[in-house]
1. Take residue 34 and residue 148, extend 7 Å from each Cα along the Cα→Cβ direction, and tell me the distance between the two endpoints in nm.
2. On a full-extension model of 0.36 nm per residue, what is the gain between residue 184 and residue 87, subtracting their alpha-carbon distance, rounded to one decimal in nm?
3. Provide the gained length on full extension for the span residue 177 to residue 226, in nm with one decimal, where the gain is 0.36 nm per separating residue minus the Cα-Cα distance.
4. What does the convex hull of the alpha-carbon atoms of the range 53-119 project to on average, in nm²?
5. Largest first and in whole Å, give the semi-axes of the range 125-264's equivalent ellipsoid, each being the square root of 5 times a Cα gyration tensor eigenvalue.
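Every number here is computed from the coordinates shown, using simple stated rules; none is lab data. Bear in mind the structure is a predicted one, so any value in this text is a computation, not a measurement. Neighbour counts are summed over all protein chains in view; Cβ atoms, including those assigned to glycine, are modelled from backbone coordinates with ideal geometry.
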């Protein structure tokens, strides 16, 4: 009987040892995970409090219109702030309050630099408001209101109420649709090297868009915007043929059955 007890006790002891090993094996990954978490937390604390990653320099790239100083001021980024505490979303929203900023990319450059890569809007057209000019880009955003004239085409025939217009506003939907035709007119004019001669574009009548070439003392009637490529070729030929004369270039005709012509101012 004693031998039997010893055998039973031995077997029980072996089972207990096996259970202990299994328990230890199960606890080992958990222990390793906890150690890893402690190391990560310690690393994060170090990054936040050591000062190694505090902003020491803010770099602005691709800006042509807005100064780097103004960009940095509007960004709200303070030197000495941890680069990981800088909210890219907030910085972007603040910078896009500047009317000339179309987009901006914010990058953290290790260990202590913030980079602002700017995409600026450009002045493409102007609207007249009393003695001032409302300058807009191709998307119809108001960039600036100024009394200083710039060498860009003035648009006539817009419906947006300019009395309360301010920077960063966008023109009304009807005018944005007109903008599509304006861009088409300018692109076609560029194809025949006439875009720099266009000083004003009248879009008040969609059946007869009109361009003014003030340096040539001429007006050109383009019709409803169809067959613009051919019409602009005629405009160019008539400009060359009647150089030095004031008048109207009439190409708003049925090109299949009517002739284009020049009507001289008497």
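1. If labels sit at residue 34 and residue 148, their model points lie 6.8 nm apart.
2. 30.9 nm
3. Numbers: separation 49, 0.36 × 49 = 17.64 nm, distance 1.58 nm.
Full extension of this stretch gives 16.1 nm more.
4. 3.7
5. Numbers: eigenvalues 159, 52, 28 Å².
Computed over the range 125-264, the values are 28, 16, 12 Å.
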